[in-house]
């Protein structure tokens with residue numbers, strides 16, 4: 001208990017509120033072990049009232065490490081204290097994420113029993129499936145700020161500085177209660193047997209492994225990559241929890257449509273057959289893509305002074321998304337017709353006569 005008190009005093013004198021909170025929590029846990037429930041309750045009441053909200057963005061970033069070459073910050077801070085975030089995950093992924101959150105919530109108890117923390121999580125999958133969102137969700141649920149390493153500045157043009165930058169990031173994250181998030185992890189964790197990599201970059205991997213080994217003994221680490229096949233074999237052994245983040249599938253699409261259309265009128269559920277069709281088309285897309293398509297449909301409705309969207313609006317936006325804006329009206333008409341949109345409605349949507357629509361379909 002004396003150690004915690006000394007650390008709290010040090011944190012107060014050095015104006016390091018994160019350190020004060022970290023060791024105050026440990027002091028409360030020690031008080032419970034010693035049978036002093038009243039002291040523990042008093043400490044926790046103070047922390048509940050102040051807690052993570054006392055870690056303002058300014059306090060979190062005013063000592064942020066910088067790249068010595070560019071003088072740019074090599075971390076970004078996500079503070080969950082005033083963020084509202086909803087997430088849709090397949091059941092098996094949701095279960096794994098929930099288990100990881102529980103590990104973080106029981107961190108002190110696990111360590112007090114002398115058990116390994118197992119507080120590392122590796123997320124991999126296609127771009128846009130929600131890896132960064134999951135990291136932010138975990139931050140939100142645990143009320144711990146998310147410290148994200150900025151790889152654009154972390155990887156220095158002066159190769160010798162990259163290892164130093166990695167060490168600075170880990171030391172910074174180790175000095176306060178937080179979750180360290182290494183996004184686009186393959187940029188610094190490539191396999192050392194890659195013949196295209198230089199010797200200095202291979203030394204970067206060794207530095208990374210050494211920092212991970214020390215950091216994860218008492219801290220939380222999340223990493224994410226779009227290219228798991230590029231990771232060094234030794235990296236995989238550093239992560240107790242590995243999750244492949246996949247596309248949402250039909251059930252997930254239904255939930256995402258409800259989430260992304262929340263607050264705007266729609267009649268998506270009036271025709272179950274058409275709704276099932278757009279869900280089928282969207283089920284091969286990432287949540288990020290789906291959000292873009294729904295947002296575009298709502299935006300078009302607003303600028304056209306309409307107060308709701310339909311499945312047909314989503315069909316048009318899905319088509320345009322797939323074509324990257326490069327298509328002919330003939331292609332769009334055929335697409336809508338093939339997906340069950342009545343010809344009269346196609347004419348209305350595209351501001352064309354029904355004769356033009358019929359002639360176009362006959363010719364194609």
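The values are calculated or read from the model by the stated rules, or taken from the named source; none is laboratory data. Every value quoted in this text rests on a predicted model; they were computed, and no experiment measured them. For neighbour counting, all protein chains shown are included, and Cβ atoms are generated from backbone atoms with ideal geometry for every residue, glycine included.
Scanning region 277-297 for residues that are out of contact with any helix residue (DSSP H, G or I) (no Cβ under 9 Å at 6 or more places or on another chain) and not in a helix (DSSP H, G or I) turns up at least one hit.
Quick one: residue 273 ticks every box in (1) in contact (Cβ under 8 Å) with a residue 60 or more places away in the chain; (2) not in a helix (DSSP H, G or I) except a single one, so which number is it? If we test residue 273 against (1) in contact (Cβ under 8 Å) with a residue 60 or more places away in the chain; (2) not in a helix (DSSP H, G or I), just (2) comes out false.
Residue 258 falls short on exactly one of the conditions (1) within 24 Å of residue 136 (Cβ to Cβ); (2) outside the structural domain of residue 87 (by TED's automatic domain parsing); (3) modelled with pLDDT under 90, and that condition is (3).
Residue under question is residue 333, and the condition is that it be closer than 27 Å to residue 226 by Cα and touching a helix residue (DSSP H, G or I) at 6+ places or on another chain (Cβ under 8 Å); does it hold? No: the conditions fail for residue 333.
For region 303-329, filtering for residues that are over 19 Å from residue 258 (Cβ atoms) and under 29 Å from the mean Cα position of the chain (by Cα) leaves 8. Looking at 139, 163, just one residue is over 27 Å from residue 229 (Cβ atoms), assigned to a helix (DSSP H, G or I) and in contact with a helix residue (DSSP H, G or I) (Cβ under 9 Å, 6 or more places away or on another chain), and that residue is 139. Looking at this structure, is residue 332 free of Cβ contacts under 8 Å to residues at least 40 places away in the same chain, crowded, with 16+ Cβ neighbours inside 10 Å and either touching a strand residue (DSSP E or B) at 6+ places or on another chain (Cβ under 6 Å) or more than 30 Å from residue 133 (Cβ to Cβ) (or both)? Yes; evaluated as a whole, the condition is true for this residue. Scanning region 230-268 for residues that are touching a residue at least 60 places away in the same chain (Cβ under 8 Å) and part of a strand (DSSP E or B), we see that the one that is farthest from residue 297 (Cα to Cα) is 241. It is to be established whether one or more residues within region 68-75 are part of a loop (DSSP other than H, G, I, E, B) and at pLDDT 85 or above. Yes, region 68-75 contains a residue that is part of a loop (DSSP other than H, G, I, E, B) and at pLDDT 85 or above. Do we have residue 346 as surrounded by 18 or more Cβ atoms within 10 Å (Cβ to Cβ) and in contact with a strand residue (DSSP E or B) (Cβ under 6 Å, 6 or more places away or on another chain) here? It is false that residue 346 is surrounded by 18 or more Cβ atoms within 10 Å (Cβ to Cβ) and in contact with a strand residue (DSSP E or B) (Cβ under 6 Å, 6 or more places away or on another chain). For first residues located in region 336-364 and on the phi > 0 side of the Ramachandran plot, partners that are assigned to a helix (DSSP H, G or I) and exposed (fewer than 14 other Cβ atoms within 10 Å of the Cβ) and lie 6+ apart or on another chain with Cβ distances below 9 Å form the pairs 340/273.
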